[in-house]
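The values are calculated or read from the model by the stated rules, or taken from the named source; none is laboratory data. Computed from a predicted structure; not experimentally measured. In this analysis, Cβ positions are derived from the backbone assuming ideal geometry, glycine residues included, and neighbour counts consider all displayed protein chains.
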């Protein structure tokens with residue numbers, strides 16, 4: 001098992017509503033007010049909340065961002081999009097989980113059919129040689145493939161859907177790799193407990209391709 005340390009990571013979620021919502025039923029006033037109340041402590045200000053109405057049917061959205069644009073949220077007639085990027089510490093990761101949970105806890109959202117989840121991370125080995133040794137396991141010298149990444153579809157005990165894990169060399173760290181986990185949650189809202197389970201499951205998926213994290217996110 002190779003040991004790696006996470007340097008920076010990000011999360012994106014796409015929650016698709018069971019039914020598209022007409023503009024007249026979108027509750028923009030309530031969503032905007034709840035967003036401000038929920039994320040004001042993280043620096044969200046009223047003028048950062050933007051509502052756009054392309055027409056009076058389904059062409060509209062409400063969006064806001066904070067943390068210098070690293071946290072972005074967008075609600076349209078069909079889905080909710082969340083992106084939280086550039087987490088670089090354990091504290092950052094706690095904030096990411098808190099922000100995601102608060103969206104589903106506090107914002108008046110339509111019923112959700114499913115959510116697509118993607119988590120990415122740059123992680124480093126203790127040396128360039130260790131990184132090369134890990135990736136060389138998937139090489140094929142006879143075919144002149146000197147280094148190869150990983151694409152695996154993984155099942156974990158506490159998660160009902162497949163997890164797709166891809167691994168390649170990091171462009172940010174010479175001794176690093178870039179990991180992307182993708183999966184689906186088929187349910188209404190993502191709870192704090194479910195997010196904690198998902199974090200554990202992603203680490204389990206990495207372990208199935210011989211990677212162990214020394215810590216969740218570097219200090």
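So that you can scan it fast, the table gives a plain yes or no per residue for (1) touching a residue at least 12 places away in the same chain (Cβ under 8 Å); (2) in contact with a helix residue (DSSP H, G or I) (Cβ under 6 Å, 6 or more places away or on another chain); (3) under 14 Å from residue 28 (Cα atoms); (4) surrounded by 19 or more Cβ atoms within 10 Å (Cβ to Cβ):
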{"site": "42", "(1), (2), (3), (4)": "yes, no, no, no"}
{"site": "47", "(1), (2), (3), (4)": "no, no, no, no"}
{"site": "64", "(1), (2), (3), (4)": "yes, yes, yes, yes"}
{"site": "68", "(1), (2), (3), (4)": "no, no, no, no"}
{"site": "96", "(1), (2), (3), (4)": "yes, no, no, yes"}
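With touching a strand residue (DSSP E or B) at 6+ places or on another chain (Cβ under 7 Å), outside any strand (DSSP E or B) and touching a residue at least 40 places away in the same chain (Cβ under 8 Å) as the only criterion, which of 138, 134 stands out? Step through it out loud before you land on a result.
Working: 138 fails: touching a residue at least 40 places away in the same chain (Cβ under 8 Å).
It is 134.
Mind telling me which of the residues 93, 80, 109 ends up being over 19 Å from residue 43 (Cα atoms), touching a strand residue (DSSP E or B) at 6+ places or on another chain (Cβ under 8 Å) and outside any strand (DSSP E or B)?
Working: 93 fails: over 19 Å from residue 43 (Cα atoms); 80 fails: outside any strand (DSSP E or B).
Every option except 109 fails the conditions.
Any idea which of (1) over 30 Å from residue 168 (Cβ atoms); (2) at pLDDT 95 or above; (3) not in a loop (DSSP other than H, G, I, E, B) is the one residue 3 doesn't satisfy?
Of the numbered conditions (1) over 30 Å from residue 168 (Cβ atoms); (2) at pLDDT 95 or above; (3) not in a loop (DSSP other than H, G, I, E, B), the odd one out for residue 3 is (1).
Filtering segment 192-219 down to residues that are in a loop (DSSP other than H, G, I, E, B) and either at pLDDT 95 or above or out of contact with any helix residue (DSSP H, G or I) (no Cβ under 8 Å at 6 or more places or on another chain) (or both), which residue is nearest to residue 6 (Cα to Cα)? It would help to see each step written out before you state the result.
Of the residues in segment 192-219, the ones in a loop (DSSP other than H, G, I, E, B) are 208-210, 214-219.
Within this subset, residues satisfying the condition of being either at pLDDT 95 or above or out of contact with any helix residue (DSSP H, G or I) (no Cβ under 8 Å at 6 or more places or on another chain) (or both) are 208-210, 214, 218.
Working: 208: 17, 209: 16, 210: 15, 214: 8, 218: 6 Å.
This residue is 218.
Taking the options 52, 45, name whichever one is at pLDDT below 95 and farther than 24 Å from residue 198 by Cα. Can you show your working first?
Details: 45 fails: at pLDDT below 95.
The unique qualifying residue is 52.
Is segment 123-144 home to any residue that is crowded, with 19+ Cβ neighbours inside 10 Å, closer than 14 Å to residue 198 by Cβ and modelled with pLDDT of 95 or more?
There is no residue in segment 123-144 that is crowded, with 19+ Cβ neighbours inside 10 Å, closer than 14 Å to residue 198 by Cβ and modelled with pLDDT of 95 or more.
Looking at (1) under 25 Å from residue 188 (Cβ atoms); (2) surrounded by fewer than 16 Cβ atoms within 10 Å (Cβ to Cβ); (3) in contact with a helix residue (DSSP H, G or I) (Cβ under 8 Å, 6 or more places away or on another chain), which is the only condition residue 1 fails?
(1)
Run residue 173 past the list (1) crowded, with 17+ Cβ neighbours inside 10 Å; (2) touching a strand residue (DSSP E or B) at 6+ places or on another chain (Cβ under 7 Å); (3) not in a loop (DSSP other than H, G, I, E, B) and report the number of the one that doesn't hold.
Checking residue 173 against (1) crowded, with 17+ Cβ neighbours inside 10 Å; (2) touching a strand residue (DSSP E or B) at 6+ places or on another chain (Cβ under 7 Å); (3) not in a loop (DSSP other than H, G, I, E, B), the one that fails is (3).
Sort through 36, 80, 22 and tell me the only one that's over 25 Å from residue 213 (Cα atoms) and either loosely packed, with under 15 Cβ neighbours inside 10 Å or at pLDDT below 95 (or both).
On the way: 36 fails: either loosely packed, with under 15 Cβ neighbours inside 10 Å or at pLDDT below 95 (or both); 80 fails: either loosely packed, with under 15 Cβ neighbours inside 10 Å or at pLDDT below 95 (or both).
Checking each option against the conditions leaves just 22.
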